[in-house]
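Taken together, the values in this text are just the output of simple stated rules run on the coordinates, not laboratory data. Please read these numbers as outputs of a predicted model, since none were measured by experiment. Neighbour counts are summed over all protein chains in view; Cβ atoms, including those assigned to glycine, are modelled from backbone coordinates with ideal geometry.
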Amino acid sequence: MPVINLYPAPTPIPLEGLPIEVCGLEKPLQTVSGRELAALQSVTLTVPLICQIFNWSEVVEWEGVRFADFLEAFRIETHPEGYYAIYSRDGVYFETLSVDEARDPRVLLAHRLNGEPLSEANGGPLRLVVPFLQGYKSVKWVGSVRGFRKDPIGIKRLLGQSPTGQLHSEWLARYGITLPPGRPGDPPAISASATRPSPAIPSGPVLGSLATPSDAPDSTREDQIGLKGILAFIRPSKHQATRQALEAAGVISYTTFRVLGRGRQRGLRFAATPEGPPAIPFLPKQCFSLLIEESQVPAAVEAIQKANRTGKGEHGDGKILVLDVSDAVRISTDERGPAAV
Amino acid sequence: MKMVWAILRPEKISDAIASLEKAGFYAFTRLDVMGRGRQKGIVTGSSRYEEIAKTSLMLVVEDHEADRAVETLKIAVRTGNPGDGKIFVSPLGAVYSIRTKSRES
Amino acid sequence: MNLQLLWAIIRPDKKPQVLHRLETEGFYAMTEIPVYGRGKQRGIQVGSVTYDELAKTLLLLTVEEDRCQQAIQAIQEAAHTGHPGDGKIFVQPVGQVFTVRTGQPEL
């Protein structure tokens, strides 16, 4: 089997010691060990693994646990029309399945390949196997599974691959693959305005009267747009850790700037002068501003908290505010609403 | 009232301000920020830039003017390439003036 | 308790007065951001020179709804000079707030 890795492989770990972070929709995060997973009923499937992008396929024998059994056993729930995101331990790669795809009995969390324990190079100790979709959906080195209400849009789709990960009909015919009933993943959301030719950029000065809305929104769009803004005030030293944690939680875009701030403690006092006005009334802080889908808010808040909690009970770890957003536009493509995020 | 936040290319700021002025939006607040979009920054040669310098403009406009402000900004700064930025609109509860000590909306 | 985020844009030279006043009224926690901006007067003209952006200080405060008016009044009074350029206060409802140290959804 050829090995195609997009990102550096994470450090090897045996299945027994593998922690798998799972989080149902609006449920607290819990950790399941690889040992608990291996205790579930094991199944063997002989199916093709198809990489449509490299025009390559091979029939292999996987052994592992049905993904549906795994979801059931650890009560990882999502909305009836929701999604599951499966994250790789490298902290970057993730892909998503609709509920209907995820519950298909052919979807496995595999830990053995052709009778051998799954090697590190092939995604060991645990990888996802989705035989009816393109190979990129079969996430290697599974480290986390989360439920989402809206499709968080996996990494390959971000990189411009097929919208749903579906195989070409030739592949389906060659291996006699049937698609699961129900909903596939969402095609990438493109707003009505983005499919229209973008307005010509006037060569002369832009007059106020020229710049009338090309797609006047109906008043119902407000509050239904499903976007939230997050302002997080954190320690500047946690800037990079926060970036990495957000990335692992699927939040790639952000804006950040340095600010000065303080909490109820009114800044810092020296031990020699514990009373009176603080010697350092404002401390340098970093502000992160995020624009994300509502369904991503719990994951983003948790990522920021996890990256920033020093755990010593000391003040100054920061605050996170969640704010309403009534409209969003990506300037380069004119996409509006959730598509702009 | 609505708060309009735009994250723009720093080199496009004067175009943005000129167009806003022509459309009758005179008041704004500018803030230099760093940020990135879904492309995760940019790679040039062997260097990777996780964050790129951006300039942020914040303006507060009447509800019915928000779309016109967004359209004006969008047309003024678009190059069509990744990195053009984003504009987002948030609802405000109230606006107060300090000079007149009054509530404006 | 509903929370409100106050965005107060004030004169940088009025910052000490505003801070002192907010402290005496019991508002200690805030964030300060140096920004540039202008109002509907489009900056200021001094002789032949136009300053179209002026340095301002943006203060961010999250306050409980029932103390919101008190905070607004405190800023309005302490930052007031009566001339154009005194600044503005924007009030934005906050959906949720989390304290990172404790992980609790409270201020």
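Looking only at other chains, what is the average number of their beta-carbon atoms within 10 angstrom of each beta-carbon in A:312-321?
Details: counts 1, 2, 1, 2, 2, 5, 4, 9, 6, 11.
Mean number of neighbouring Cβ atoms from other chains: 4.
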Legend entry - Close Lys-Lys pairs in chain B, where close means Cα under 17 Å and separation is 8 or more or interchain: 12
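Determine the alpha carbon to alpha carbon distance for each of A:27/A:228; A:312/C:15; A:150/A:285 and list only those over 21 Å. Show your work: numbers first, answer last.
On the way: A:27/A:228 19 Å; A:312/C:15 33 Å; A:150/A:285 32 Å.
Where the Cα-Cα span goes over 21 Å, the pairs concerned are A:312/C:15; A:150/A:285.
With the cut-off at 30 Å, report for the protein assembly as shown the share of all Cα pairs above it, as a whole percent.
On the way: 83879 of 152628 pairs.
Tail of P(r) above 30 Å: 55 percent of Cα pairs.
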Inset, instruction - Give a quick list of chymotrypsin sites (Phe, Trp or Tyr not before Pro) in the range A:218-290 that DSSP marks as loop, anything other than H, G, I, E or B, with at most 14 other Cβ atoms within 10 Å. - result: A:270
Inset, instruction - Using DSSP to define loop residues, name the trypsin sites (Lys or Arg not before Pro) in the range A:1-79 whose beta-carbon has at most 12 other beta-carbon atoms within 10 Å. - result: A:75
Inset, instruction - List every residue whose amide H lies under 5 Å from the amide H of residue A:119, counting only residues 5 or more places away in sequence or on a different chain, with H placed 1.01 Å from N in the peptide plane. - result: A:124
Inset, instruction - Per residue of the range A:118-130, in order, report the coupling 6.51 cos²θ - 1.76 cosθ + 1.60 (Karplus, θ = phi - 60°) as ³J(HN,Hα) in whole Hz, putting x for Gly and Pro. - result: 4, 6, 4, 5, 8, x, x, x, 9, 9, 8, 10, 10
Inset, instruction - Find the relative contact order for the range B:2-104 and round it to a whole percent, using C-alpha pairs within less than 8 Å whose residues are 6+ positions apart. - result: 42
Legend entry - Degrees between helix B:13-22 axis and first principal axis of chain B (Cα, 0 to 90, nearest 10): 30
Inset, instruction - Would you be so kind as to identify which of C:47, C:90, A:310 lies farthest towards the positive end of the dipole of the protein assembly as shown, taking Lys and Arg as +1 and Asp and Glu as -1 on Cβ and the Cα centre as origin? - result: C:47
Legend entry - Dipole moment magnitude, nearest 20 debye, chain C about Cα centre, only Lys, Arg, Asp, Glu C-beta charged: 380
Legend entry - Folded to 0 to 90 degrees: helix C:15-24 orientation relative to chain C principal axis, Cα: 30
Inset, instruction - Per DSSP H run of at least 4 residues, take -39500 (n - 2.57); add these up for chain B, divide by its residues and hand me the 222 nm value, nearest 500 deg cm²/dmol. - result: -6500 deg cm²/dmol
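Given Cα pairs under 8 Å that are at least 6 residues apart, what percent is the relative contact order of chain C? Please list the in-between numbers first.
Values: 171 pairs, mean separation 46.3, N = 107.
Relative contact order comes out at 43 percent.
Let's see if you can work this out: charge +1 on each Lys and Arg Cβ, -1 on each Asp and Glu Cβ, no other charges. What is the dipole magnitude of the protein assembly as shown about its Cα centre, in debye to the nearest 20? Let's see the in-between values first.
On the way: 64 positive and 61 negative charges, 295 e Å.
For this selection, approximately 1420 debye.
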Inset, instruction - For the protein assembly as shown, build the charge dipole from Cβ charges (+1 Lys, Arg; -1 Asp, Glu) around the Cα centre, then report which of B:49, A:56, A:153 sits farthest towards its positive end. - result: B:49
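Per DSSP H run of n ≥ 4, the term is -39500 (n - 2.57); total these for chain C, divide by its residue number, and report the mean residue ellipticity at 222 nm rounded to 500 deg cm²/dmol. Don't jump to the answer; show the numbers that get you there.
Working: 2 runs with 24 residues, N = 107.
-7000 deg cm²/dmol, from helical runs alone.
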Inset, instruction - Give, rounded to the nearest 20 debye, the magnitude of the charge dipole that the range B:2-104 has about its Cα centre when Lys and Arg contribute +1 at Cβ and Asp and Glu contribute -1 at Cβ. - result: 240
